[in-house]
Amino acid sequence: MKIRLRAALTSAAALTVGAAFAGIAPSTAGASVNPSTATSAAAFGGLSGLVKAAKKEGTLNVITLPADWANYGNIIKDFSAKYGIKVNSENPDGTSADELEAVTTEKGQSRAPDVLDVGPSFALTAASEKLLAPYKVQSWNEIPSTAKASNGDWFDDYGGFVAIGYNSKVVKDPPTSFADLLKPEYKNEVALNGNPTQAGAAFAAVYAAALANGGSFSNIEPGVKYFQKLAAAGNFVPVTGGPSTVESGQTPILIWWDYLEESEVAKTFPGWKVVIPSDGHYASYYVQAISASAPDPAAARLWEEYLYSTTGQNLWLQGSARPIELASLQKDGTANKAALNALPAAPKGTVSFPTQSELTAAETVVTQNWSSVTG
């Protein structure tokens, strides 16, 4: 089960498709370009030149991408079939921390990760350590400025809301809020999908719980105290919750991302219901990046172009996730309507997000205090 620490989400602004190609002028450098330093498809003379270079490499190494996570199984299959490039998938059940460790420990090896899919704090860490290669996809202008590094080191991709999922065949009184989960009837039933000091969704759940209990983006401590209460009440199950623990009956209630509740659990267990808690709304995106030491640098760049194409964005949408370019897809009429209509209902009103400094401070608080929850 993929567990990654993530960062601030920003609302996607509606931009024109034409702007996506602004500044991507033809280049004569295609044949002689060094793929490892290319910052756009223009360096290859355009997308066709990038495709040619990527096919020559013939391989792409991805890491910590479970097949049922946001539709990555189909995304990988489609990319491989479209370009004839073999995709090697390493450690699908790993974490963002595992991704960065692999970049450093496997550097210089042919199996090292070419691309990363991590949470924001990990992206910021990787950027500060010069582990990332700047690159701007052709649809760069369709990604909100607050959802990407200005130099192209990293860029948001897909996301959703923290949600409460429950087995309606077991849980007869449906919980709709964090407050509900403190009820005695939910004894030994509530779980996160990992430790919030390592797992992105678990960290987000603590943030959501903080917002539900008088906290704020600059004060996550009420979220930690909430889980202390949940544990003291005997309701919290300190395991990594997911499809297997749902199947075994160990975790009838799971706090996780809405799109993963839908794509990984609900599709397997028809009785699984998903609700965004009424008292704590927290949303976030995961982040894409290219390794500066990618053994297949052209394929890595083509992978990003594919993910941010209409096809790639819709495949994430079909995985019950909200792609970063969704506003543009809707404006252009290119969004998959069935997949869009199937998304869990989002809270009404404007959703706000923590700043990078607030996230960093929150992570410190959780890291220093989470042991008080689990003992």
**Complete:** Of the conditions (1) at pLDDT 95 or above; (2) of a type outside the set (V, I, T); (3) part of a loop (DSSP other than H, G, I, E, B), the single one that E99 does not satisfy is (3)
**Request:** Answer yes or no as to whether L315 is of a type in the set (A, V, I, L, M), part of a helix (DSSP H, G or I), within 15 Å of the chain's Cα centre (by Cα) and at pLDDT 95 or above.
**Result:** yes
**Per-region count, the range 325-375, residues modelled with pLDDT of 95 or more, outside any helix (DSSP H, G or I) and of a type in the set (A, V, I, L, M, F, W, C)** = 2
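Mind listing whichever residues of the range 276-291 are part of a strand (DSSP E or B) and more than 20 Å from W316 (Cα to Cα)?
Taking the range 276-291 first, the residues part of a strand (DSSP E or B) are 283-291.
Correct list: S291 only.
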**Residue list for the range 211-224, filter: open to solvent by less than 10 Å² (accessible area, probe 1.4 Å) and of a type in the set (G, A, S)** = G223
**Complete:** Note on the range 104-130: residues within 19 Å of the chain's Cα centre (by Cα) and closer than 22 Å to Y72 by Cβ are P113, D114, V115, L116, D117, V118, G119, P120, S121, F122, A123, A126
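Tell me which residues, restricted to the range 175-210, are of a type in the set (A, V, I, L, M) and open to solvent by 30 Å² or more (accessible area, probe 1.4 Å).
Step one: list which residues in the range 175-210 are of a type in the set (A, V, I, L, M), which gives 179, 181-182, 190-192, 199, 201-202, 204-206, 208-210.
Answer for the range 175-210, where residues must be of a type in the set (A, V, I, L, M) and open to solvent by 30 Å² or more (accessible area, probe 1.4 Å): A179, L182.
Restricting the range 71-86 to residues that are assigned to a helix (DSSP H, G or I) and polar (S, T, N, Q), which is nearest to S110 (Cα to Cα)?
Step one: filter the range 71-86 for residues assigned to a helix (DSSP H, G or I), giving 72-83.
Going one step further and asking which of them are polar (S, T, N, Q), we end up with 74, 80.
Working: N74: 24, S80: 18 Å.
Going through the qualifying residues, I end up with S80.
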**Request:** Any chance you could count how many residues in the range 323-335 are crowded, with 24+ Cβ neighbours inside 10 Å and under 18 Å from the mean Cα position of the chain (by Cα)?
**Result:** 3
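Tell me, yes or no, whether the range 224-239 has at least one residue that is touching a Gly at 6+ places or on another chain (Cβ under 6 Å) and either polar (S, T, N, Q) or within 24 Å of N369 (Cβ to Cβ) (or both). So that I can check it myself, show each step before the final result.
Applying the first criterion (touching a Gly at 6+ places or on another chain (Cβ under 6 Å)) to the range 224-239 yields none.
So far as the range 224-239 goes, no, none of its residues is touching a Gly at 6+ places or on another chain (Cβ under 6 Å) and either polar (S, T, N, Q) or within 24 Å of N369 (Cβ to Cβ) (or both).
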**Asked** Name the pairs whose Cβ atoms lie under 7 Å apart, with the first residue in the range 86-113 and buried (at least 20 other Cβ atoms within 10 Å of the Cβ), the second of a type in the set (D, E, K, R) and modelled with pLDDT under 95, and 6 or more positions between them or separate chains?
**Response** T95/R4; S96/R4
**Message:** Please go through the range 225-279 and give me each residue that is open to solvent by 10 Å² or more (accessible area, probe 1.4 Å) and of a type in the set (S, T, N, Q), ordered by number.
**Reply:** Q228, T240, S244, T245, S248, Q250, S263, T268, S278
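This table checks each residue for (1) more than 30 Å from T355 (Cα to Cα); (2) at pLDDT 95 or above; (3) part of a loop (DSSP other than H, G, I, E, B); (4) of a type in the set (K, R).
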position: G23; (1), (2), (3), (4): no, no, yes, no
position: T28; (1), (2), (3), (4): yes, no, yes, no
position: T39; (1), (2), (3), (4): no, yes, yes, no
position: K56; (1), (2), (3), (4): yes, yes, no, yes
position: N61; (1), (2), (3), (4): yes, yes, no, no
position: W69; (1), (2), (3), (4): no, no, yes, no
position: N88; (1), (2), (3), (4): yes, yes, no, no
position: Q109; (1), (2), (3), (4): yes, yes, yes, no
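Quickly run through the range 142-174 and pick out the residues that are part of a loop (DSSP other than H, G, I, E, B), of a type in the set (G, A, S) and either in contact with a Lys or Arg (Cβ under 6 Å, 6 or more places away or on another chain) or exposed (fewer than 13 other Cβ atoms within 10 Å of the Cβ) (or both).
So in the range 142-174, the residues part of a loop (DSSP other than H, G, I, E, B) come out as 143-144, 149-153, 168-174.
The next check asks that each one be of a type in the set (G, A, S); those that pass are 149-150, 152, 168.
Once the filter is applied, which keeps residues that are part of a loop (DSSP other than H, G, I, E, B), of a type in the set (G, A, S) and either in contact with a Lys or Arg (Cβ under 6 Å, 6 or more places away or on another chain) or exposed (fewer than 13 other Cβ atoms within 10 Å of the Cβ) (or both), the range 142-174 yields S150, G152, S168.
The values are calculated or read from the model by the stated rules, or taken from the named source; none is laboratory data. Quick caveat, the model's predicted, so the values are computed rather than measured. Note that we place each Cβ from the backbone using ideal geometry, even for glycine, and neighbour counts take in every protein chain shown. Side chains included, ligands, DNA and RNA excluded: accessible areas come from the protein's heavy atoms. Shrake-Rupley method; radii C 1.70, N 1.55, O 1.52, S 1.80 Å.
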